[in-house]
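The values are calculated or read from the model by the stated rules, or taken from the named source; none is laboratory data. If you're wondering where the values come from, they're calculated on a predicted model, not measured in any experiment. All Cβ positions, glycine included, derive from the backbone under ideal geometry; neighbour counts span all protein chains shown.
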Amino acid sequence: MLQLGLPFFTPNLQSKNFSHIKCSATPKSDPKIHQYYKKNIWAPEFVQSLKSEFKEEAYCTIIEKFKNEVRGRFDDDVDNDKAAHFSDKLELIDALERLGLAYHFEDEIEEALSSSLNINHSTLLVSNSLHSTSLYFRLLREHGHAVPTDVFNGFKDGKGRFKAEFCDDAKGMLSLYEASHLCFEGEEDMMHEVKAFTVNNLKLLNRNIGSMFIDEAPHALELPLHWRMPRLENRWYIDECLRKRKIDTSLLEFAELDFNMVQATHQKDLTRMSRWWEDLGISKVLSFTRDRLVECFLWSIGLTYEPQYNCCREWLTKVVNLIVVIDDIYDMYGSIDELELFTNTVERWSIDQAIEKLPDYMKISFLALYNTTNEMVYASMKENGCNNILPHLNKAWADFCKAMLVEAKWSKNGCSPSLEEYMTNAWISSSTPLVLTHAFFATKQGITNHSLEGLFDKELGLIRQSSIIFRLCNDLATSTAELERGDVPSAVQCYMNKTKLLEHEAKANIRGLVMDTWGKHIAFINMEMGLEYRTLWPRTGS
């Protein structure tokens, strides 16, 4: 049995001196940054020394054997028990996704799920399995198919409530709980009721639940599958299967080997990014900023871990590092006059204005941004032809800087915006539109007018809804710390100011806004954007 490699990030607390970096600007520091943020603990020499024995060429034959075995399970049709066979396929798809193997079988999974839409639901679900029905509902909706909620009608009594006989079905309750997070706009009341029903039953069952679910139920209640970072969930699920679950041994060995091979790809990516960041030298020259190369790289894995998206990870690592630097300039360091100049320079994308008017620390920041972005555009044009993506990237950076400027003025002027004013600006200042714009172009999607309109429409677009979810979730997690730092009030504080509610009450209402936005988000992908958008973003929809 192959053993999973240890997590490849081991901190080295000894920081390297970057005395070789040459720059005419005088390094600046700000005690406020170091008061609130810890110094970087990842020494470049350690990061760049990462190596792995799990190289693709050494294991390609074994991987291909595993893949052929799984494809055989998709092709193996059983005529005498279609319901049972379809249930087995759902279990296989779910296992592949949770083990991190689904990217090998995207076509097979889509074909299996799409074909199920042409089969009578009552025939497939005649086994009266709450688990299979819930799994069917969740997987189809996750992959962009608008399965109706009436698939659950057979499990309800005459009053529309789930029958008591299913309350002791731990596996079914767990699957129904996960499915309840895939509600469309307009289904909130019903699905929230389902969610509350499953949560209550899972808590009651927790003491008596079978050993197979003793860890899985609390794990799900902490955070549903649809909201989790896929790569971290993959690792947790592999460990869970190794400890307790009865799962195909061959599939588990495949998952262990593939995890280590993908990890080796990530190590190579991180090593390359570390050299880029060290050569850029901005974290030393502008010592008032946070140095977060490794954390930013992990952020990119959170969005897309699949090995074929190394270009996307590279772009996102660079973009998020620059976001951190620019965020510190707006939040902690720059004066309003300087920030207005910088914002105007980014919007005009003007080297001349940068050299003539900006202070030295802003010249360095803008030139790093300008050169890095133009290098991305050049690489994209060289590889994919003359698609002019620079205006979109430039606009994304300009919008982000303008939103940051608004927040800087609120902070310095002691302004308390209303929740509506805050959210109008905050979904952009969250940096999500900026990150997802780069992700869209870096994953080499087919660029059409329809796709661009759907992404960038400020009222309905996919990016707006993802950004609102990210901003509200971030505010729920960090509002107290940000208030202590003197940052702009978060959505929680804005809501408290408006309603005079206590903090825990305001947070409960903000969570409700998150759920409402999820419904709009999922419905928009399915009902408005169509098949074109089903493969654009990770399974979490963010």
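Table for the structure above
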quantity	calculated
Asp291, sole failed condition from (1) buried (at least 20 other Cβ atoms within 10 Å of the Cβ); (2) touching a helix residue (DSSP H, G or I) at 6+ places or on another chain (Cβ under 9 Å); (3) in a helix (DSSP H, G or I)	(3)
Considering residues of the stretch 162-198 that are in a loop (DSSP other than H, G, I, E, B) and closer than 18 Å to Gly512 by Cβ only, the residue modelled with the highest pLDDT	Ser180
Odd one out for Asn394 among (1) under 26 Å from Arg471 (Cα atoms); (2) at pLDDT below 90	(2)
Test for Glu482: is it of a type in the set (Asp, Glu), at pLDDT 80 or above and either more than 23 Å from His181 (Cβ to Cβ) or surrounded by fewer than 22 Cβ atoms within 10 Å (Cβ to Cβ) (or both)	no
Hits in the stretch 245-267 - residues which are in a helix (DSSP H, G or I) and either β-branched (Val, Ile, Thr) or free of Cβ contacts under 8 Å to residues at least 40 places away in the same chain (or both)	Thr249, Val262, Thr265
Qualifying residue in the stretch 47-66 (condition: farther than 30 Å from Glu216 by Cβ, under 24 Å from the mean Cα position of the chain (by Cα) and at pLDDT 90 or above)	yes
Some residue of the stretch 404-413 being buried (at least 18 other Cβ atoms within 10 Å of the Cβ) and under 23 Å from the mean Cα position of the chain (by Cα)	yes
Odd one out for Leu270 among (1) touching a residue at least 24 places away in the same chain (Cβ under 8 Å); (2) crowded, with 19+ Cβ neighbours inside 10 Å; (3) within 30 Å of Lys409 (Cα to Cα)	(3)
Some residue of the stretch 187-202 being in contact with a Cys (Cβ under 8 Å, 6 or more places away or on another chain), surrounded by 19 or more Cβ atoms within 10 Å (Cβ to Cβ) and either without any contact (Cβ under 8 Å) to a residue 24 or more places away in the chain or among the β-branched types (Val, Ile, Thr) (or both)	no
1 or more residues touching a Ser or Thr at 6+ places or on another chain (Cβ under 9 Å), over 22 Å from Met273 (Cα atoms) and touching a residue at least 40 places away in the same chain (Cβ under 8 Å): qualifying helices (runs of 4 or more DSSP H) within the stretch 297-412	336-348, 360-384
Identity of the residue in the stretch 94-127, under 23 Å from Cys183 (Cβ atoms) and part of a loop (DSSP other than H, G, I, E, B), that ends up modelled with the lowest pLDDT	Leu125
